[in-house]
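Written below as structure tokens is the structure these notes are about.
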Amino acid sequence: MPSDDAARLGALYDAHAAPIWRYVVHLTGNHAAADDVVQETLLRAWRTPRILAEDPDTTRSWMYTVARHLVIDEVRSAHHRREIAMPEPPESAVRDATDAIFDAILIEEALTTLTDAHRTVVVRAYYGGLTVAEIAEDLAVAEGTVKSRLHYGLRALRLALQEKGVTR
């Protein structure tokens, strides 16, 4: 923006920003909205070369008209009509546990298809949170055996879930 335009815009701001802000607050009762309307009004003045070229004292009616039209446009907008003011935000949404329940039922049914050795290792590892070493110690078997049972147990579990139509 050339410095000449900057000086003219500064003169417009000095002459009209405060009165327009008070006018918009009077119309809306909203200080934040008034700030936005003043900013948009000055932006439109800056984009209109004939307004920048005129004496700042003679542009007051144009500035008030633009501000009033901006307020009217906001009131008529779908955003304004559908917006509901709330004193505090609503509680955060809680996920429905239905999917988790169905998933748990499917997994439980699929686990019943495994052999006892495979099921024991899978349940202790994934539901008990035990390491391979801890499972091996609890079952008194080698760690390699636990790894093998875990591998084949998970593979059988995946197949059982696929037979039930689970694809994820």
> Quick one: if you stick a label point 7 Å off each Cα along the C-beta vector at Glu91 and Glu108, how many nm between them?
Replying inline: 2.6 nm
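For n ≥ 4 DSSP H runs only, could you compute -39500 (n - 2.57) per run for the chain, divide by its residues and tell me the 222 nm figure to the nearest 500?
When only DSSP H runs of four or more count, the value is -23500 deg cm²/dmol.
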>> Compute the angle between helix 60-76 and the longest alpha-carbon principal axis of the chain, please, reported from 0 to 90 degrees and rounded to the nearest 10.
In response: 30 degrees
> Given that compact globular proteins tend to follow 2.2 N^0.38 Å, what is the ratio of the alpha-carbon Rg of the stretch 98-163 to that value?
Replying inline: 1.13
> How big is the gap, in Å, between the Cα center of the stretch 42-79 and the Cα center of the stretch 107-156?
Replying inline: 73 Å
> Say the dipole of the chain comes from +1 at the beta carbon of Lys and Arg and -1 at that of Asp and Glu; which of Thr28, Ala104, Ala18 then lies farthest toward its positive end?
Replying inline: Ala104
>> I need Lys147, Lys164 ordered by Cβ neighbour count within 10 Å, fewest first.
In response: Lys164, Lys147
> Hey, how much of the P(r) for the stretch 49-168 falls beyond 19 Å, as a percent of Cα pairs?
Replying inline: 70 percent
> What nm value, rounded to one decimal, do you get for the distance between Asp99 and Ala117 when each label is placed 7 Å out toward the C-beta?
Replying inline: 3.7 nm
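Working from the pairwise distances between different alpha carbons, so that the mean of 1/r is found and then inverted, what is the stretch 18-119's Kirkwood radius in Å? The partial results should precede the final answer.
Working: mean 1/r = 0.0535 Å⁻¹.
One decimal place: 18.7 Å for the Kirkwood radius.
All of the numbers you see were taken from the coordinates with simple rules; none came from a lab. Keep in mind the model is a prediction, meaning the values are calculated, not measured. Cβ: placed from backbone, ideal geometry, glycine included. Neighbour counts: every protein chain shown.
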